[in-house]
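Inspection log for the structure reproduced underneath, given as structure tokens.
Since every read-out is calculated from the coordinates, none of them should be taken as a lab result. What you are looking at is a predicted structure, and each value in this text was computed from that prediction instead of being measured. Here Cβ is always computed from backbone atoms with ideal geometry, including for glycine, and neighbour counts include all displayed protein chains.
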Amino acid sequence: MARKKILVLGYFGRESGKLDGQTVKTRSTYAMLQEELAPAGYGIDSFDTEILKKGRWRILGLFWKLLSCKTVVYLPAQNNLEKFFPVLYRMSGMVGFDILYIVIGGWLDAFLKDHPGLVPGLSRIRAIFPENKDVIQALRTDFKMSNVVWLPNFRICRFKPDFLQGDARPGNVQVSDERLIVKEKDGFRLVFMSRIFKEKGVETVFEVVDRLNAAGSGEVTVDFYGQVEADYEERFQELLGRCPHAVFKGSLEPGKVVETLAGYDLLLLPTFYPGEGFPGAIVEAGLAGIPVAVSLWKHNIEYVKDGETGFLIPLGPGETDAYADCIRKLRTDRDLLLSMRKKAYQESRQYTAEAVWPVLRPYVEGGSQGH
């Protein structure tokens with residue numbers, strides 16, 4: 001029996017070390033396939049589209065890999081989808097490999113309205129896996145696509161929050177009250193973890209922290225993690241210099257994110273970024289056992305249960321006060337904080353590799369369905 005070869009095609013960012021939603025999801029998908037299928041004799045290969053920046057001739061290496069694979073797991077950004085998908089689709093017909101398109105972000109339905117020529121090919125590939133349910137509904141309703149399957153953003157994570165005691169098995173979501181503990185702290189620790197630029201709501205975070213500390217309700221601090229966009233560096237440093245309660249701690253390797261987040265009380269993400277899909281920070285916060293306060297923006301309402309796993313805050317003039325009120329509430333009601341930590345962790349278990357692999361598995365292991 002011939003060895004089954006799977007090619008993961010996407011932007012890994014290996015040479016630049018870039019860490020964002022796209023590179024983390026691409027790497028996580030590759031790692032999950034390696035873990036689940038390599039022991040069964042599958043060959044798992046990858047092609048990092050970042051190397052094409054160093055010379056278009058490098059695409060010849062991709063074509064060589066495509067000639068020998070049975071399945072392409074495809075994680076494109078918008079430019080790649082527009083320019084390269086038509087080529088990939090034609091090759092799939094000639095060579096005979098399946099295409100499994102794992103969507104990153106929540107932009108696909110709007111993008112296809114501007115690029116309708118992509119719809120016929122996308123409708124005929126093996127499957128498309130959006131991470132947002134409303135995107136799935138739009139693809140089915142507006143474009144009559146029947147090959148769409150929900151596959152949420154996920155993380156490979158075996159970390160257990162400190163309030164879980166005993167030897168809970170991986171994937172166990174039954175968290176009993178007697179196995180919970182709360183660490184009393186003098187201050188309240190906020191965290192922001194994402195790419196750092198204005199549209200992620202960075203300036204709102206500074207406003208919230210300044211307002212809380214000016215009110216004299218006890219020290220509230222915030223630590224920032226993430227890669228700072230080059231055109232925002234100067235402004236970010238200016239904001240840090242004016243806020244003694246904020247610290248920038250650089251970037252974290254993906255494997256250290258959840259463990260680091262577990263040391264905080266609440267994650268803030270007041271994003272209004274147009275390309276937001278399913279923010280990985282929400283997944284990671286839940287796996288760390290901390291609630292989130294996020295903007296009521298794009299698809300966030302799908303992933304945060306307001307008042308249970310976090311808070312959904314409408315964008316607008318009153319948002320700074322709304323975030324501050326949520327923090328005061330958690331600061332004075334430790335029972336509520338404990339309850340939200342518990343629920344956030346429970347909900348997050350559906351966004352682990354163990355939970356999403358059964359969805360992807362039959363498409364990867366199954367034979368070619370044609371085009």
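The amide H of Val228, built 1.01 Å from its N in the peptide plane, has Ile196 as neighbours under 5 Å, considering only residues 5 or more places off or on other chains. Using the Karplus relation 6.51 cos²θ - 1.76 cosθ + 1.60 with θ = phi - 60°, the per-residue 3J(HN,Hα) values for the range 239-245 come to 5, 4, x, 8, 10, x, 9 Hz, with x marking Gly and Pro.
Using every pair of separate Cα atoms, the Kirkwood estimate puts the hydrodynamic radius of the chain at 21.9 angstrom.
For the listed peptides 59-66, 128-135, 155-162, a ranking on the average number of other beta carbons within 10 Å per residue, highest first, reads 128-135, 155-162, 59-66.
The HN-Hα couplings worked out from phi for the range 259-276 by the Karplus form 6.51 cos²θ - 1.76 cosθ + 1.60 (θ = phi - 60°) are 4, 5, 4, 4, x, 10, 8, 7, 9, 9, 8, x, 5, 9, 6, x, x, 4 Hz, whole numbers, x standing for Gly and Pro.
Given N residues in the range 21-120, what is Rg(Cα) / (2.2 N^0.38 Å)? Display every interim value, and only then the final one.
Working: Rg = 14.1 Å, N = 100, 2.2 N^0.38 = 12.7 Å.
Here the Cα radius of gyration is 1.12 times the empirical estimate.
For the range 252-257, putting each phi into the Karplus relation 6.51 cos²θ - 1.76 cosθ + 1.60 with θ = phi - 60° gives couplings of 10, 5, x, x, 9, 5 Hz, in residue order, rounded to whole numbers and with x for Gly and Pro.
Which whole-number percentage describes the relative contact order of the range 290-371, with Cα contacts under 8 Å and a sequence gap of 6 or more? Numbers along the way, then the final one.
On the way: 64 pairs, mean separation 22.5, N = 82.
The value is 27 percent.
For the chain, what does the relative contact order come out to in percent, with C-alpha contacts under 8 Å and a separation of six or more?
Working: 624 pairs, mean separation 61.9, N = 371.
Worked out over the chain, it gives 17 percent.
Across the range 177-351, the relative contact order, built from alpha-carbon pairs under 8 Å that are at least six residues apart, equals 22 percent.
Net charge near Ser16, counting Lys/Arg +1 and Asp/Glu -1 over other residues with Cβ under 12 Å of its Cβ? Don't jump to the answer; show the numbers that get you there.
Working: positive: Arg14, Lys18, Lys53, Lys54; negative: Glu15, Asp20, Asp48, Glu50.
Computed value for this residue: 0.
Could you please report the charge total around Glu347, scoring K, R as +1 and D, E as -1 over all other residues with beta-carbon less than 12 angstrom from its beta-carbon? Mind dumping the intermediate values first?
Working: positive: Lys305, Arg341, Lys342, Lys343, Arg349; negative: Glu302, Glu308.
Once all neighbours under 12 Å are counted, the net charge is +3.
Taking the Kirkwood radius as Rh and the Cα radius of gyration as Rg, the range 177-351 has a ratio of Rg/Rh equal to 0.93. Ranked by the mean number of other Cβ atoms within 10 Å per residue, highest first, peptides 237-246, 73-82, 355-364 order as 73-82, 355-364, 237-246.
Amide H contacts for Thr271 (H built 1.01 Å from N in the peptide plane; partners 5 or more residues away or on another chain; cut-off under 5 Å): Ser295.
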